[in-house]
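So the structure is just underneath, and the comments pick up after that.
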Amino acid sequence: MKETSGRQGAVYGYARVSARDQNTDRQLIALREKGVREKDIFTDKQSGKDFSRPQYRRLLRKLKKDDLLYIKSIDRLGRNYKEILEQWRLLTKEKGADIVVLDMPLLDTRRGKDLMGTFLSDIVLQVLSFVAENERANIRQRQAEGIAAAKARGVRFGRPPSPLPENFPAVYQRWKARQITGVAAAKACGMPLSSFRYRAAAYENAGPP
């Protein structure tokens, strides 16, 4: 059912997913059901950690006083607690637009224009923004714990090191015996000095084959 009749401002929608291979269909369907025209829906496929997103910036330039913006959920707007609050106030106070969060009916600035309604909306927004950011922090922590556990099991991350040059063992032994300098050893092996020292330390720890 459309909710655009009787409004003097334009009606927009904003959708976002974090990666290009993710699907926006569910958000787009919800926005279309509210009567938002296809040309007035702005979609970003980018992380919500900040608001430097091309389509969101375009939307900001379009929004004017009494316009209406639909979003599916608060975390589609962003995931940074402080920035969500800042953008919300930019949209509603400075731009003078209304916002409707479809998954949270309490976050509908068309309602409760009085002091109590604004107060309740601000409380709900702060709670939801905190939850969104907290979940992002939890995801980072789980990823870090997963990487640490994998490393403890011997899983290696990153590209495998390139093979050592054939003359490396002989050059290493000469360098270890102080017969040549590190600069000369690195040059003989065809690598930067920092790389030679790193590979020498790894070679020493692992022991010759």
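The values are calculated or read from the model by the stated rules, or taken from the named source; none is laboratory data. In this text the structure is predicted, and so the values were computed from the model without any measurement. Don't worry about glycine lacking a Cβ; one is built from the backbone with ideal geometry, like all the others, and counts go over all protein chains shown.
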* Structure fact -> Scanning region 85-104 residue by residue, the ones that are closer than 17 Å to Asp75 by Cα and part of a loop (DSSP other than H, G, I, E, B) total 3
* To do: Have a look at Ile99, Ile84 and point out the one that is at pLDDT below 90 and either surrounded by fewer than 15 Cβ atoms within 10 Å (Cβ to Cβ) or hydrophobic (A, V, I, L, M, F, W, C) (or both).
  => Ile84
* For region 25-37, name all the residues that are more than 22 Å from Gln87 (Cα to Cα) and in a loop (DSSP other than H, G, I, E, B). => Lys34, Gly35, Arg37
* **Residue that is nearest to Asn134 (Cα to Cα), among those in region 57-76 that are out of contact with any helix residue (DSSP H, G or I) (no Cβ under 6 Å at 6 or more places or on another chain) and either hydrophobic (A, V, I, L, M, F, W, C) or buried (at least 20 other Cβ atoms within 10 Å of the Cβ) (or both)** => Arg76
* Return a yes/no flag: does region 108-121 have any residue that is exposed (fewer than 13 other Cβ atoms within 10 Å of the Cβ), at pLDDT 85 or above and not in a loop (DSSP other than H, G, I, E, B). => no
* Asked: Do we find that Asp21 is at pLDDT below 90, surrounded by fewer than 13 Cβ atoms within 10 Å (Cβ to Cβ) and in contact with a helix residue (DSSP H, G or I) (Cβ under 8 Å, 6 or more places away or on another chain) in this structure?
  -> no
* Qualifying residues in region 38-47 (those that are modelled with pLDDT of 95 or more and not in a helix (DSSP H, G or I)) - the one nearest to Arg61 (Cα to Cα) -> Phe42
* To do: Among the residues of region 167-209, write down those that are of a type outside the set (Ser, Thr, Tyr), surrounded by fewer than 17 Cβ atoms within 10 Å (Cβ to Cβ), in a loop (DSSP other than H, G, I, E, B) and at pLDDT 90 or above.
  => Asn167, Ala177, Arg178, Gln179, Ile180, Gly190, Pro192
